[in-house]
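A.B. asks: I'd like to ask some things about the structure below.
The values are calculated or read from the model by the stated rules, or taken from the named source; none is laboratory data. Computed from a predicted structure; not experimentally measured. Cβ: placed from backbone, ideal geometry, glycine included. Neighbour counts: every protein chain shown.
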Amino acid sequence: MVINKYLAELVGTFILVILGSMSILAAGAMGLPPILTVPFGFGLGLLAAIYAVGHVSGAHFNPAVSLGIYLDKRMPAADLVGYWAAQFVGGLLASLALFAVTSREAVAQTVTAYPTGELGLGIMAELILTTIFVLVILASTKTAPAVAGVVISLTLVVIHFAGIPFSGASVNPARSFAPAIVGGELTGLWVYLVIPLVGAAVAWGLWQLFSPEAQNIEIGDTAAGDDTEYVDDVVVERTEVVEEIEIRKDPDNPLD
């Protein structure tokens with residue numbers, strides 16, 4: 001059912017945002033630097049969401065990811081709108097749940113933000129990190145779907161390790177929108193709503209250069225051990241030389 005896809009996106013985004021946000025608060029409660037816990041909170045939270053409901057919707061849980069998938073003609077415009085709505089609602093529900101058991105001030109602590117006065121740094125970091133993230137998703141789901149869930153989740157982990165000091169490493173408009181609205185911290189929110197979408201478009205543009213179709217590669221040929229190599233659009237056939245061995249029958253052997 002179509003409704004199940006949207007519900008799966010809502011639930012998956014909820015899982016991602018609630019676990020990631022709680023990892024931020026947990027770091028503060030335990031007196032730990034956020035860089036030690038938050039990357040795993042969001043990365044493993046995404047992994048949990050992927051394996052919980054990803055088989056229903058394709059596991060986007062991120063408007064930027066859905067835009068990249070749409071641009072690659074893997075989903076229709078109607079689904080793009082439905083996915084976006086579900087993702088923003090899922091994120092809002094996660095932040096509201098956190099608000100219900102903590103406080104508005106606690107939710108505000110989970111807002112993504114760039115360093116004060118460093119708008120350019122925040123924009124550049126979100127653009128680069130989202131481009132990398134969406135490119136990995138477009139590539140892995142096409143060329144290595146069996147391990148894509150793990151690859152994508154680990155990519156989000158390293159993106160947080162790299163980006164937290166510079167932009168908060170959102171790469172997800174729904175993840176940033178929810179705590180900003182519930183926590184009442186709207187400064188710079190536009191960066192996290194707009195720039196990840198730009199990064200998704202850039203990632204799709206790069207994917208057009210590197211996709212198997214652009215390289216005239218049939219997916220699974222080399223990975224599956226096919227005897228065809230694809231080098232610079234030239235098909236090179238590998239042949240094995242088989243030597244014919246003359247077997248002489250032994251007249252004393254009844255099996256010959």
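A.B. asks: Within the set of pairs 6+ apart or on separate chains, which have a first residue in the stretch 51-75 that is farther than 18 Å from Phe210 by Cα, a second that is of a type outside the set (A, V, I, L, M) and in a loop (DSSP other than H, G, I, E, B), and C-beta atoms under 7 Å apart?
C.D. replies: Close Cβ pairs (under 7 Å, with a partner that is of a type outside the set (A, V, I, L, M) and in a loop (DSSP other than H, G, I, E, B)) amount to Asn62/Asn172; Ala64/Asn172; Ser66/His60.
A.B. asks: Here's a follow-up. Please determine whether any residue of the stretch 74-97 is under 20 Å from Ala169 (Cβ atoms) and of a type in the set (Ser, Thr, Tyr).
C.D. replies: Yes, that holds for at least one residue.
A.B. asks: Within the stretch 74-107, track down each residue that is surrounded by fewer than 17 Cβ atoms within 10 Å (Cβ to Cβ) and of a type outside the set (D, E, K, R).
C.D. replies: Pro76, Ala77, Ala78, Val81, Ala85, Leu96, Ala100, Val101, Thr102, Ser103
A.B. asks: Then there is this: Within the stretch 69-92, is there a residue that is closer than 23 Å to Phe166 by Cα, in a helix (DSSP H, G or I), touching a His at 6+ places or on another chain (Cβ under 8 Å) and not aromatic (Phe, Trp, Tyr)?
C.D. replies: No, the stretch 69-92 contains no residue that is closer than 23 Å to Phe166 by Cα, in a helix (DSSP H, G or I), touching a His at 6+ places or on another chain (Cβ under 8 Å) and not aromatic (Phe, Trp, Tyr).
A.B. asks: Kindly establish whether Ala125 is more than 22 Å from Leu10 (Cα to Cα), outside any helix (DSSP H, G or I), modelled with pLDDT of 95 or more and among the small types (Gly, Ala, Ser).
C.D. replies: So Ala125 does not fit the description; no.
A.B. asks: Still on this structure, please answer the following. Residue by residue through the stretch 130-163, note down the ones that are over 14 Å from the mean Cα position of the chain (by Cα) and under 23 Å from Phe88 (Cβ atoms).
C.D. replies: Gly163
A.B. asks: Residue under question is Thr130, and the condition is that it be in contact (Cβ under 8 Å) with a residue 24 or more places away in the chain, among the polar types (S, T, N, Q), buried (at least 18 other Cβ atoms within 10 Å of the Cβ) and part of a helix (DSSP H, G or I); does it hold?
C.D. replies: Judged against the criteria, Thr130 is a match.
A.B. asks: Please state which of the following conditions Phe99 fails to meet, knowing it meets all the rest: (1) among the aromatic types (Phe, Trp, Tyr); (2) more than 27 Å from Ala200 (Cβ to Cβ); (3) within 18 Å of the chain's Cα centre (by Cα).
C.D. replies: Every condition holds for Phe99 apart from (3).
A.B. asks: Look through the stretch 29-61, keep the residues that are among the aliphatic types (A, V, I, L, M) and over 17 Å from Ala148 (Cβ atoms), and return whichever of them is surrounded by the most Cβ atoms within 10 Å (Cβ to Cβ).
C.D. replies: Within the stretch 29-61, the match that is surrounded by the most Cβ atoms within 10 Å (Cβ to Cβ) is Val38.
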